[in-house]
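K.L.:
The following block contains the structure, expressed as structure tokens.
The values are calculated or read from the model by the stated rules, or taken from the named source; none is laboratory data. Small disclaimer: the values here were computed from a predicted structure and weren't measured. FYI the Cβ positions are ideal-geometry reconstructions off the backbone, even for glycines, and counts take in every protein chain you see. Heads up: the accessible areas ignore ligands, DNA and RNA and are worked out on the full protein's heavy atoms, side chains in. Shrake-Rupley method; radii C 1.70, N 1.55, O 1.52, S 1.80 Å.
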Amino acid sequence: MFRCMGIQSVVFLSFLFLLSSCGSQNAGGGAGEFTTVTMTAQPQTVRLESDVITGNTCPTSATSGGAYETDSVDVDVAATPYRNLTMSPLPVRIDTVTVSYTPKNAVSPAILAQPYPVGIVITSGTALIPVPVAPEILKSKLVSDYNLQPCSGTLYEYYVTITFSGVEIGGTGTRQEFSTNMSVAFADRAETSAQ
């Protein structure tokens, strides 16, 4: 009988330890917990098809025309006040966003994360922030340094993590991050000229 009670106690205590280990500084799902609000982000597009060279044509002998252009994704960033908050929610200054790329397959080369300044203050509600997920300089580098051939049909695909970093004005001053995810595919989707 004592042995059975001992096993039950061990199982119960293990369950309690498991529950207590579930917390962290950031709420689950990429949310950021500030002093008075929780910040979350959600892209309006979950997959971006990025044309590496916009406006080029692909005759059989050579590639002609076109330019590298930045493709941005609009991200809804929301500040949600905590329930039972006894004061007005404090504004959050978002100063940077970092776009990180994880290759989806062996064909896609590893590329460095791209940080950008933001400089927006959100008091409460939702703000729309355009994020350059496929900047022109990265597209140029994919062609010049990573062998993405124009007119070849080669497709580089990535899981993308968009991470915002900010500080609550008048709060504890602790910097927090919150993130969201999407994917991007880079290829040269060229117009074919009439032969």
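K.L.:
Please indicate, with yes or no, whether at least one residue in segment 114-125 is open to solvent by 40 Å² or more (accessible area, probe 1.4 Å), over 25 Å from G66 (Cα atoms), at pLDDT 95 or above and small (G, A, S).
P.N.:
The answer is no; no qualifying residue exists.
K.L.:
Of everything in segment 97-130, what is in contact with an Asp or Glu (Cβ under 6 Å, 6 or more places away or on another chain), in a loop (DSSP other than H, G, I, E, B) and more than 16 Å from L155 (Cβ to Cβ)? Give them in sequence order.
P.N.:
Matches in segment 97-130: none.
K.L.:
Assess whether D188 counts as being more than 23 Å from D76 (Cβ to Cβ) and free of Cβ contacts under 8 Å to residues at least 24 places away in the same chain.
P.N.:
no
K.L.:
I've got another one for you. Mind listing whichever residues of segment 46-57 are in a loop (DSSP other than H, G, I, E, B), surrounded by fewer than 19 Cβ atoms within 10 Å (Cβ to Cβ) and either in contact with a Ser or Thr (Cβ under 7 Å, 6 or more places away or on another chain) or at pLDDT 95 or above (or both)?
P.N.:
V46 - this is the single residue of segment 46-57 that is in a loop (DSSP other than H, G, I, E, B), surrounded by fewer than 19 Cβ atoms within 10 Å (Cβ to Cβ) and either in contact with a Ser or Thr (Cβ under 7 Å, 6 or more places away or on another chain) or at pLDDT 95 or above (or both).
K.L.:
What is the number of the single condition among (1) surrounded by 13 or more Cβ atoms within 10 Å (Cβ to Cβ); (2) within 16 Å of D188 (Cα to Cα); (3) modelled with pLDDT under 95 that S144 does not meet?
P.N.:
(1) is the only condition that S144 fails.
K.L.:
Hey, among the residues in segment 147-188 that are crowded, with 17+ Cβ neighbours inside 10 Å, within 17 Å of G66 (Cα to Cα) and not acidic (D, E), which one's modelled with the lowest pLDDT?
P.N.:
Among residues in segment 147-188 that are crowded, with 17+ Cβ neighbours inside 10 Å, within 17 Å of G66 (Cα to Cα) and not acidic (D, E), the one modelled with the lowest pLDDT is C151.
K.L.:
Condition (residue is crowded, with 19+ Cβ neighbours inside 10 Å, closer than 24 Å to I169 by Cα and in contact with an Asp or Glu (Cβ under 7 Å, 6 or more places away or on another chain)) applied to segment 132-141: is it met by at least one residue?
P.N.:
No; the residues of segment 132-141 include none that is crowded, with 19+ Cβ neighbours inside 10 Å, closer than 24 Å to I169 by Cα and in contact with an Asp or Glu (Cβ under 7 Å, 6 or more places away or on another chain).
K.L.:
Which one of V75, V92, V99, V121 is β-branched (V, I, T), closer than 30 Å to T35 by Cα and touching a Lys or Arg at 6+ places or on another chain (Cβ under 7 Å)?
P.N.:
Unique residue meeting the criteria: V121.
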